[in-house]
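Down below is the structure, laid out as structure tokens.
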Amino acid sequence: MMRRAVLVCAVAAVVSGAHGTARTPALAPDYPTAPAPLTSVTFSDAFWAPRLETVRTVTLDATFRQSELTGRIKNFEIAGGDAAGEFCSRYAFDDSDVYKIIEGASYALEVRPDSTLDGYVDALIAKIAKAQEPDGYLYTARTIAPSRPMAMAGKERWSNLEHSHELYNLGHLYEAAAAHYRATGKKTLLAVATKSADLVARTFGPAGLRYPPGHQEIEIGLVRLYRVAGDPKYLALAKFFLDERGNPAGHKLYGEYAQDHKPVVEQDEAVGHSVRAAYMYSAMADVSALTGDARYVAALDRLWDDVVLRKLYLTGGIGATGAWEGFGPAYDLPNSAYAETCASIANALWNFRMFLLKQDARYIDVYERAIYNAMLSGISLKGDTFFYPNPLLSLGQHERSPWFACACCPSNLPRFMLSIPSHAYAVSGDRAFVNLFVQGQARLALSAGEVRLEQQTRYPWDGDIRIRVSPSKPGPFTLAVRVPGWSMDHPVPGNLYRSLVRGREPVTLRLNGLLVPIRLERGFAVITREWSVGDTVDLHLPMPVRRVVAHDAVKADEGRVAVERGPLVYTAEFVDNGGRVTNLILDDEAPLSPGWRPDLLNGVMTVTGNATALRMRNGSAAAETGPLTLIPYYAWAHRGKGEMAVWLARRADRARPAPEPTLASSARASSSEGGKSLQGLNEQYEPTDSNDHTAMYFHWWPKKDSTEWVQYDFPAAATVSESSVYWFDDTGQGGCRVPRNWRILYKRGERWVPVETRDTYGLAKDAYNTVRFSHVNTTALRLEVGLPEAFSSGIQEWKVKQP
Ligand SMILES: [Zn+2]
């Protein structure tokens, strides 16, 4: 709980390669691979096309509306002199949400004209332009009242870069400006961006300020601005900000949290805040592509190995801990997982850039895993509610929300999702890459001429893909079709996860109906030949239900198994499985089969079979076999709150038998004002320690130094003689400690009376503190605590016992 003092959001950019329009200036070398222009790809499938349409018609509107309701847009009006008042949202980085949604809206406009959206964005840009100070400075948290800026803004401009997000906001502005210009040809936002970047370039540099931003993002934005505006000083500035990280000659280092512990080219371990990290890695790839500096790539190779071999969730999410929204130690992948939606996006953006650098399919394997699972879990099927963290295990405490005070994730989704079509295909010389399998079309400009590719497939539900090739003129070129690692029983590159059963059926490739040998080059099946209109390529990816286990060093997944089919990770949710899933054991030999359910969750392939359920009966665990239903992970949490688990027990000792009802579990829980997550008191989950974040825990945060209580009201008067409490204490991560003192009271008539006991009211961590007392017959019991002076307190579990 109680996360970080400095909450930070973020996200990266969409790559705009050397493709594009006549407006793009001629630049020095770039990536050897160019993504497909957004306007050249059409999705017409039943999976992505409707989701992207929902983003266009629902999510953009919902997130713009939330930006209005929460004062994010009014901040620009006040700063521009069109409204009166104080900075009226919560964080100094709130400007960035508006920029990000404009970027998403720009992709929507690039693909399909929409005069209402276009007009709305124009009006917004006018407000942003007015909020910009005459010299180019743009940061509403200061401009609104320069003599008393927000605390995190710092007293003077650029004086608190570790926390202010002044440069972070601008990175998102630059990305939005580049996208808006490309989509509409209008220079309105681009003019704001270049004026701002010119000020930053005058202010920062070897002869000026040498502070890198606390939160990376401006580096990516500057690269995009460079690609659009052509001014090399923007690229130089992006490189400067990267190179100043870890350089104590220029500033007091911010440390690992912000990847500022050593120079970026010397980094070899993914540490700290995961969104910052993956934005930085993305920028390193960009700058390396544009400058030819291979030292960045050498560092990226080491960092990528560290993430993919040791720190990647099966869902493609990154970031194990909420305490710093970031990476934990190697193999430390608790299923309470932070896996922030923004971090999945950043991970996908980074891996896409690695593909552009190296033309290796393993990066698209990671990209695909992230977008079909961890990222997509972040947004509801209706497109108007969101997850910030995306855990792989829930005890029922999670549900999507329409917005967050720190709204980085909702504002990041539209811009990322609407750019997915441009990642599906890529071009390098006379080579056309098919990265993703989505029914639809693409027009690609090869050096040999334009070629039209048409995909027919039901992917991700089915692994048959037909690609019809139509070159504008007959001639030789290479088609490179990705063969996903999962189809060859390698769920991820490396050995962090492995398939339990090796593939029974091979991947096959046909050319005009005839089987051809697969020639794999860096994970792509390549076919070089004289193509003519109507040639077809059929790729068959066997899609059995696959069981996956984790590396032995991943303690959280020891004795557990996960289920996948194609690119999708599956999960068990309470609603399909008799109310619970943590009590299930999935035997390695139990058959599992897929089945199409058009009525469920907008249409999903479920996986069904049998599992053993453990239930406590008269004090011992009884096993019974029953049906098991799994759904794709991305679709969880649409049917109420309850248990969900991606990793199911393979062995009885890893299952948690469904407990028998107790007096506590049947009681109605309540608390003094400010208490949160009451169900954590009596949900009967046995915590492993006081700092166990998997369990639901009750807490009073941010209350301190006061007397508080929790209360059980029993269904009928009961005789009680014992109380056991397991304190929540998140020392090292948050602000909860064991209380100063506590006692038990019972209800006698209308009064609360302390129970009679000789036992000590214990304050031990990582254990139950039990107090036996003289029997009382009562309808309600209270546990009263004195909160510490400087901390709050919480409770993992509170049990009561009858004599
Ligand atoms: Zn986020």
Quotient of Cα radius of gyration and Kirkwood radius for the stretch 32-143, i.e. Rg/Rh, equals 1.05
If you add up the charges near Val58, with Lys and Arg at +1 and Asp and Glu at -1, over every other residue whose beta carbon is less than 13 angstrom from its beta carbon, what do you get?
+1
Lys and Arg at +1, Asp and Glu at -1: add these up for the other residues within a Cβ distance under 12 Å of Leu446 and post the number.
+2
On average, how much accessible surface per residue is there in the stretch 741-795, in Å², for a 1.4 Å probe, leaving out ligands, DNA and RNA?
53
At a Cα cut-off below 24 Å, give the lysines reachable from Lys252, other chains included and same-chain residues fewer than 8 away excluded.
Lys155, Lys239, Lys262
Starting with the highest mean, order 654-662, 311-319 by the number of other Cβ atoms within 10 Å, averaged over the residues of each peptide.
311-319, 654-662
Per the C-alpha gyration tensor (a ≥ b ≥ c, the square roots of its eigenvalues), the stretch 674-803 is rounded if a/c is under 1.5, else prolate if a/b beats b/c, else oblate; here it's prolate
Report, by chain and number, residues whose modeled amide H sits under 5 Å from the one on Phe728, excluding near sequence neighbours (fewer than 5 apart, same chain).
Gly794, Ile795, Gln796
Size-normalised alpha-carbon gyration radius of the stretch 611-746, reference 2.2 N^0.38 Å
1.24
What residues qualify as long-range amide H neighbours of Leu209, i.e. H under 5 Å apart, gap of 5 or more or another chain, H built at 1.01 Å from N?
Phe204
Each residue of the stretch 194-203 in turn: what ³J(HN,Hα) in whole Hz from Karplus with 6.51, -1.76, 1.60 and θ = phi - 60°, glycine and Pro shown as x?
5, 4, 5, 5, 5, 5, 4, 5, 6, 8
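Give Lys130/Lys195; Lys382/Lys641; Lys100/Lys233; Lys311/Lys555 a once-over and call out the pairs whose C-alpha atoms are over 19 Å from each other.
Lys100/Lys233
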Got a number for carbon plus sulfur as a percent of the stretch 327-452's accessible area, 1.4 Å probe?
47
What does the accessible area of Ser723 come to, in Å² to the nearest 10, when a probe of 1.4 Å is used?
0
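Percent of alpha carbon pairs in the stretch 675-733 separated by more than 16 Å?
More than 16 Å apart: 53 percent of the Cα pairs in the stretch 675-733.
What percent do you get for the relative contact order of the chain when only Cα pairs under 8 Å and 6+ apart count?
Relative contact order comes out at 11 percent.
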Once you sort the root eigenvalues of the Cα gyration tensor of the stretch 658-697 as a ≥ b ≥ c, which label holds: rounded (a/c under 1.5), prolate (a/b larger than b/c) or oblate (the other case)?
oblate
Cβ under 15 Å from Val537's Cβ, Val537 left aside: what net charge do those residues give with Lys, Arg +1 and Asp, Glu -1?
+3
For the chain, what is the convex hull (Cα atoms) projected area averaged across all directions, in square nanometres?
35.0
Amide H partners (placed H, <5 Å) of Arg597, local residues excluded
Val604, Met605, Thr606
On Cα atoms only, tilt of 166-184 relative to the major axis of the chain in degrees:
50
With a 1.4 Å probe and every protein chain left in place, work out the accessible area per residue of the stretch 492-617 in Å², rounded to a whole number.
44
Karplus-derived HN-Hα couplings along the stretch 110-124 (A = 6.51, B = -1.76, C = 1.60, θ = phi - 60°), whole Hz, x at Gly and Pro
4, 8, 8, x, 7, 5, 5, 5, 4, x, 4, 5, 4, 5, 5
Span per principal axis, largest first, for the Cα atoms of the stretch 373-486 (Å):
58, 27, 22
Ordered by residue, what ³J(HN,Hα) values in Hz, to whole numbers, does the stretch 528-538 give under the Karplus form 6.51 cos²θ - 1.76 cosθ + 1.60, where θ = phi - 60° and Gly and Pro are x?
10, 6, 7, 8, 10, 4, x, 4, 10, 10, 10
Using only helices, what value at 222 nm comes out for the chain when you add -39,500 (n - 2.57) per DSSP H run of length 4 or more and divide by the total residues, to the nearest 500 deg cm²/dmol?
-8000 deg cm²/dmol
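The values are calculated or read from the model by the stated rules, or taken from the named source; none is laboratory data. Computed from a prediction, not measured in an experiment: that's the story for all the values here. Heads up, the Cβs are rebuilt from the backbone with ideal geometry, glycines too, and the neighbour counts pull from every protein chain shown. For accessibility, only protein heavy atoms count, side chains too; no ligands or nucleic acids. Shrake-Rupley method; radii C 1.70, N 1.55, O 1.52, S 1.80 Å.
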